[in-house]
1. Which condition breaks for A:Ser209 when tested against (1) farther than 27 Å from A:Leu50 by Cα; (2) open to solvent by 20 Å² or more (accessible area, probe 1.4 Å)?
2. Just checking: which of the strands (runs of 3 or more DSSP E) contained wholly in segment A:34-147 hold 3 or more residues that are within 16 Å of ligand 1 (Cβ to nearest atom) and either surrounded by 18 or more Cβ atoms within 10 Å (Cβ to Cβ) or in the same structural domain as A:Leu160 (by TED's automatic domain parsing) (or both)?
3. Exactly one of these conditions fails for B:Val240: (1) within 28 Å of B:Phe347 (Cα to Cα); (2) open to solvent by 10 Å² or more (accessible area, probe 1.4 Å); (3) under 20 Å from the mean Cα position of the chain (by Cα). Give me its number.
4. If a residue must be more than 7 Å from chain A (Cβ to nearest Cβ) and not in a helix (DSSP H, G or I), how many such residues does segment B:204-214 contain?
5. Name, by its number, the condition in (1) touching a strand residue (DSSP E or B) at 6+ places or on another chain (Cβ under 8 Å); (2) outside any helix (DSSP H, G or I) that does not hold for B:Arg198.
6. Does A:Arg114 satisfy being more than 7 Å from every other protein chain (Cβ to nearest Cβ) and basic (Lys, Arg)?
7. Is it the case, given these coordinates, that B:Ser207 is crowded, with 22+ Cβ neighbours inside 10 Å and assigned by TED's automatic domain parsing to the domain that holds B:Asn324?
8. Identify, from the list A:Val61, A:Val129, A:Val77, A:Val96, the residue that is within 27 Å of A:Ala317 (Cβ to Cβ), aliphatic (A, V, I, L, M) and within 14 Å of another protein chain (Cβ to nearest Cβ).
Amino acid sequence: MTRKPHGDRVPLPANGVAVRCAGLVKRYEDVTAVAGLDLEVAQGECFGLLGPNGAGKTTTVEVLEGLTPPDEGVVEVLGCRWGSGRDHELRERLGVQLQETQLGEKLTVEETLRLFASFFARSRPVGEVIATVELEEKRRARVGKLSGGQKQRLALACALVSDPDMLFLDEPTTGLDPQARLRVWDVVERFRARGGTVLLTTHAMEEASRLCDRVAIMDRGRILTLGRPAALVAALGVDQIVEFRARGEVAAERLAALPGVRGAVRTDDAWQLSVRRIDEALPALLGELERCGVALESLATHQATLEDVFVSLTGRALRDA
Amino acid sequence: MRERPAPRPHPLVELTRARLLEFVREPEAVFWVFVFPVLLALALGIAFRTRPPERLRAVVVRGTPGAARVAALLAGAPDLDVAVLDAAAAARALRTSRADVVVDAGPDRQDVPLAVTYRYDLTRAEGRAARLAVDDALERALGRRDRLAAREEPVTAPGTRYIDFLIPGLVGLNLMGSGMWGLGFAVVQARTRKLLKRFAATPMRRSHYLLSFILSRLVGLVLEVAVVVGFGWLLFGVAVRGSILALAAVAFLGSLTFAGIGLLVAARPRTVEGVSGWMNLVQLPMWLASGSFFSYERFPAAARPLIRALPLTALNDALRAVINDGAPLAATAHELLVMAAWAAVSFALALRLFRWQ
Ligand SMILES: Nc1ncnc2c1ncn2[C@@H]1O[C@H](COP(=O)(O)OP(=O)(O)O)[C@@H](O)[C@H]1O
Ligand SMILES: [Mg+2]
């Protein structure tokens with residue numbers, strides 16, 4: 001552990017598990033948001049929940065944060081269970097960024113952080129946290145005047161101001177431009193470098209593969225698969241994805257049976273072929289289309305990603321699922 | 001300087017500070033709390049300013065034999081405005097309340113005594129007064145001898161003007177409005193923006209959050225009361241006849257009461273529109289019935305015990321007792337009790353019902 005010692009704080013569990021949850025179920029009136037979820041996050045790990053909108057990521061995270069009581073299941077965070085009389089102590093050690101919190105618009109960046117810092121028994125100097133998220137020049141600016149990316153970094157700063165052992169980040173970069181997204185990633189990576197544990201949710205696969213040691217791909221309240229991003233992609237057994245649009249009907253079985261192709265999935269108006277050998281698959285595909293008298297509109301290939309893992313598991317694309 | 005490891009700021013202090021900063025940085029809120037009541041007091045104070053006693057208006061009908069003589073006899077009467085009009089104009093003046101009494105004079109010959117007919121609206125006090133004044137003036141002018149030695153001593157008691165009545169009512173109304181809106185809006189807005197949930201994810205004590213509203217109200221209340229009372233005093237000479245301490249105590253309890261009610265109303269709604277509706281529903285009856293603008297004695301006797309049980313009525317009555325009558329705090333015990341009961345019940349309920357997400 002590279003983390004500095006925590007004085008009188010409760011020692012981390014000996015087994016090095018930061019979050020453990022088993023059989024987690026959360027129902028709302030008409031939907032089961034989380035339908036039996038098991039996961040473990042190790043100390044010092046960055047764990048990602050990856051899934052489309054409505055998959056149950058936020059619900060899961062809010063249960064773990066002790067904000068929503070689960071209907072069933074066991075949750076243990078940093079060795080404590082919520083509601084066992086140690087909630088206050090546990091909150092001291094968690095940094096939380098909720099999806100969609102709007103901080104008070106009339107306060108300045110500095111005032112907001114001072115306020116959050118005052119809630120914790122131990123906190124980092126406000127100026128230091130402002131520097132961490134690179135908001136020095138906005139220190140005295142009102143929150144209402146910040147850009148989306150700056151607001152998001154302030155939300156991160158509010159989570160970091162207590163110098164937490166563990167960070168929960170719910171879609172920390174959704175809606176941000178690539179530049180702003182990089183800055184958020186940078187902050188998360190520096191937190192990890194200090195030994196902190198992170199659990200984040202995202203529906204951006206590049207974010208998951210860049211930041212996370214392990215990801216769980218979620219859909220409809222369940223975990224479909226869980227593992228290291230590279231391992232999940234490798235398990236697809238393909239090295240390229242060929243995506244094309246065509247005018248006319250093509251049969252999925254025929255596409256899947258082409259040499260060098262492992263599978264074919266139709267998403268919306270496009271086809272996605274998982275391809276093992278691009279040199280065999282591409283001529284075969286073109287030949288097949290010609291045989292069917294179908295005109296090709298566009299074609300692109302890319303390296304397989306987590307997104308393709310999701311597509312292969314659900315038959316839907318992550319973004320429009 | 002800022003970065004020195006200062007003693008940890010207390011969350012209650014920081015929350016209150018944040019609350020006050022948010023308030024002063026909201027120009028609309030500042031307008032409604034400080035400018036609006038002053039403008040209202042100004043408008044109503046001018047509209048209902050005390051005028052010199054109104055003169056009574058008598059009309060003598062032209063063309064009758066004694067008309068000229070009656071008009072001459074009335075010329076010296078101090079409280080009367082006398083006009084001489086023809087019969088049709090006189091009737092019209094009476095009908096439209098531009099005349100209080102019409103005097104029809106009889107024959108005017110040395111051998112026939114002067115006779116007059118008074119025409120006036122019996123239901124109007126001015127009509128009856130004018131009739132008596134005309135009669136009195138004529139009798140005197142004709143040589144009546146008064147046997148009673150009467151002396152007049154005009155009285156203008158301070159604290160009986162409408163503005164004296166109004167200023168405490170405006171203070172009460174303002175304390176209700178700012179307490180309820182200030183609290184209700186802020187809480188529901190924080191809930192809508194998921195800020196309450198975000199706070200709930202920190203070790204912040206929930207009681208600190210709610211207490212910070214009370215503390216910020218206390219700071220606000222001093223200014224609110226001072227602005228309205230100071231304005232009434234400077235512009236209209238409305239004096240606080242009781243002790244400032246008693247005034248402070250009454251205002252404090254009133255403010256606390258409406259903070260409690262505001263918190264209760266804001267305990268559950270998820271939208272600002274939702275809470276606005278409830279706020280209006282709760283405040284409107286008190287706006288009308290609690291005697292801020294006119295005395296609730298005008299309502300039927302059966303309704304008055306109910307009206308007196310309203311928190312704003314209690315606050316207004318207590319404020320008037322202290323400001324207008326110079327009553328000691330003990331004299332307002334009943335009102336204080338009513339407010340304390342409202343405060344206690346609404347706080348207790350609010351804490352029980354409060355929704356953090
Ligand atoms: N407070 C709530 N009341 C009712 N349904 C909810 C509530 N919160 C979430 N849901 C439902 O639960 C499902 C999962 O939502 P959520 O956890 O927000 O997913 P995600 O964060 O992955 O987009 C969705 O179908 C959503 O509509
Ligand atoms: Mg979500």
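1. (1)
2. Here the list reads A:46-50, A:72-77.
3. That leaves (1) as the condition not met.
4. Here the count works out to 1.
5. (2)
6. no
7. Criteria not met by B:Ser207.
8. Of A:Val61, A:Val129, A:Val77, A:Val96, the one residue that is within 27 Å of A:Ala317 (Cβ to Cβ), aliphatic (A, V, I, L, M) and within 14 Å of another protein chain (Cβ to nearest Cβ) is A:Val61.
The values are calculated or read from the model by the stated rules, or taken from the named source; none is laboratory data. Only a predicted model underlies this, so the values are computations on that prediction, with no experimental measurement involved. Counting neighbours? That spans all protein chains shown, and the Cβs are built from the backbone with ideal geometry, glycine included. Just the protein is used for accessible areas: all its heavy atoms, side chains included, with ligands, DNA and RNA removed. Shrake-Rupley method; radii C 1.70, N 1.55, O 1.52, S 1.80 Å.
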